[in-house]
Amino acid sequence: MVESTRIVLASRPVGAPTPADFRIETVELPELREGQVLLRTLYLSLDPYMRGRMSAAKSYADPVEVDDVMVGATVAEVIESRAASFAKGDVVEAYSGWQTHDAVPASSVRKLDPDKAPVSTALGVLGMPGFTAYSGLLKIGQPKPGETVVVAAASGPVGSAVGQIARIKGARAVGIAGGPKKCAYVKDELGFDAAIDHRAPDFVEQLRAAVPEGIDVYFENVAGAVADAVYPLLNTYARVPVCGLIANYNAAGEDEGQDRLPAFYGRILIKSLTIRGFIQTEFVKEMYSDFLHDASGWIAEGRLRYREDIVEGLEHAPEAFIGMLEGRNFGKVVVRVG
Ligand SMILES: NC(=O)c1ccc[n+]([C@@H]2O[C@H](COP(=O)([O-])OP(=O)(O)OC[C@H]3O[C@@H](n4cnc5c(N)ncnc54)[C@H](OP(=O)(O)O)[C@@H]3O)[C@@H](O)[C@H]2O)c1
């Protein structure tokens, strides 16, 4: 019998999640069935969308039920196989969640080549977040040479790739990040043209000064005060791929404030803006192989850089996840489980 240690949703958070919303437990896995592989998790990805899964509110995907294991992408080693296509020792990308072991259908995992890239990158720059940046920016943002692209959460896996791909396409990239360390990284190591600290008291003025010709593409990762500062600077025909709204994820209810929708619509009309939401899965069939090809090439050429924030041990996943929602991570959050 194989045991799996796992983290389940103990209760649905109201507002920001706390450690009490998670519970760690150990269960015995049932015997492996024909067509399944038994996985030992090496790395678990922590991503902002998981906050949505903790809530019962209707969304594009079903919520995690209370007492069920938290969902998540993983990189895992096959430790037993009852499927012809996989052998013991294979390393795969899976969606096996916050747990040390799982038995899953072989058809649900993708084999990785550890010689091509560090396997943890399948959860970041060469995985879902990298693809989100690539597809949302190129399909919806469509940056042209000389245009200005602005993105927040710019040191994270999505934002960092957005700015670097924008530059590869000949655009100017302005990143917004929390604090001087992250800003220095975004500008000096990732090569963005400018990086602005959204916590600085003169953030709005600094942003205006960094985009003297206005903003042509705003890749929306955060909403909130950052979006309030960006919108007045959008140029006519600007494009806004709406990717994420992390400033709102811990909101406990509807915003009771002033109704800003008329002004927002007014701006869309006057500036002929294109604002288009997306979930990256929409573009997988059409663009994923191009993404893997392009991103691998750019990494090899040193034009697409990435940073991982490795957390040691599954038991630390809840606090790392809570910290990520508050901006305490620095780079793609990956939990080393194995
Ligand atoms: N549509 C899709 O298919 C899709 C797929 C993947 C991800 N996403 C979205 O993309 C966004 C980025 O994801 P990621 O994985 O790259 O996250 P990430 O950058 O690793 O982590 C989230 C970052 O958001 C920033 N943040 C949090 N609250 C903020 C606020 N109030 N104002 C400004 N920034 C704030 C923090 O960075 P700072 O310290 O720099 O502020 C934090 O580190 C998220 O909104 C996520 O939900 C969407």
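A few remarks follow.
- Computed over segment 128-282, the range of Cα coordinates on each principal axis works out to 41, 33, 31 Å, biggest value leading.
- Applying a length cut-off of 20 Å (Cα extent along the axis) and a mean Kyte-Doolittle floor of 0.5 to the DSSP H helices of the chain leaves no helix.
- In loop segments of segment 219-272 as defined by DSSP, the trypsin sites (Lys or Arg not before Pro) with at most 13 further C-beta atoms inside 10 Å of their C-beta are Arg260.
- Modelled label reach - Lys181, point 7 Å along Cα→Cβ, segment 309-331 residues with backbone N closer than 11 Å: 328-331
- Extension reserve of the Thr5-Glu80 stretch, reckoned as 0.36 nm per residue once the Cα distance is removed: 25.2 nm
- Among Val150, Val230, a tally of other beta-carbon atoms within 10 Å of each Cβ gives an order, fewest to most, of Val230, Val150.
- Reduced Cα scattering model of segment 1-153, Debye log10 I(q)/I(0), q = 0.14, 0.17 Å⁻¹: -0.81, -1.07
- Share of pairwise Cα separations in segment 185-245, more than 13 Å, in percent: 65 percent
- Taking a ≥ b ≥ c as the square roots of the eigenvalues of the Cα gyration tensor, an a/c ratio of 1.5 or more together with a/b no larger than b/c marks segment 299-338 as oblate.
- Residues in segment 274-296 reached by a label modelled at Gln142 [backbone nitrogen below 12 Å; 7 Å Cα→Cβ]: 274-275
- Peptide ranges 163-174, 317-328, 203-214 listed from the most packed, as the mean C-beta count within 10 angstrom indicates: 163-174, 317-328, 203-214
- Relative contact order, percent, segment 168-264 [alpha-carbon distance under 8 Å, six or more residues apart]: 20 percent
- Going by neighbour counts of Cβ atoms within 10 Å, the residues Lys139, Lys182 line up, fewest first, as Lys139, Lys182.
- Each principal axis of the Cα cloud of the chain was taken in turn, and the coordinate range along them, longest first, works out to 63, 47, 34 Å.
- For Val2, the residues whose modelled amide H falls within less than 5 Å of its own, excluding neighbours fewer than 5 places apart on the same chain, are Leu29.
- Rg/Rh for segment 106-145 (Cα atoms only, Rh after Kirkwood) is 1.13.
- Of Lys116/Lys332; Lys88/Lys285; Lys139/Lys182; Lys116/Lys169; Lys111/Lys182, those spanning more than 31 Å from alpha-carbon to alpha-carbon: Lys111/Lys182
- Over all distinct Cα-Cα pairs of segment 100-171, the Kirkwood formula returns a hydrodynamic radius of 13.8 Å.
- The chain - share of DSSP beta bridges that are antiparallel (%, nearest 5): 55 percent
- Mean residue ellipticity, 222 nm, helices only, the chain: the sum of -39500 (n - 2.57) across DSSP H runs of n ≥ 4, divided by residue count and rounded to 500, is -7000 deg cm²/dmol.
- Alpha-carbon centroid distance for the pair segment 4-57 / segment 159-202, whole angstrom: 33 Å
- Under the shape rule built on the C-alpha gyration tensor, where the axes satisfy a ≥ b ≥ c, segment 221-294 is oblate, since a/c reaches at least 1.5 while a/b does not exceed b/c.
- Amide H contacts of Ala238 (H built 1.01 Å from N, in plane; Pro and chain starts excluded): Thr274 sit under 5 Å, all sequence-distant by 5 or more or on other chains.
- When peptides 280-289, 30-39, 57-66, 92-101 are sorted by average Cβ neighbour count within 10 Å, with the highest value leading, the order is 92-101, 30-39, 280-289, 57-66.
- Evaluated over segment 229-338, the Cα radius of gyration and Dmax, each in Å: 19.0, 54
No value in this document is a laboratory result; all are computed from the given coordinates. These figures come from a predicted structure and were not determined experimentally. Every residue, glycine as well, gets a Cβ built from its backbone with ideal geometry; the counts of neighbours run over all protein chains shown.
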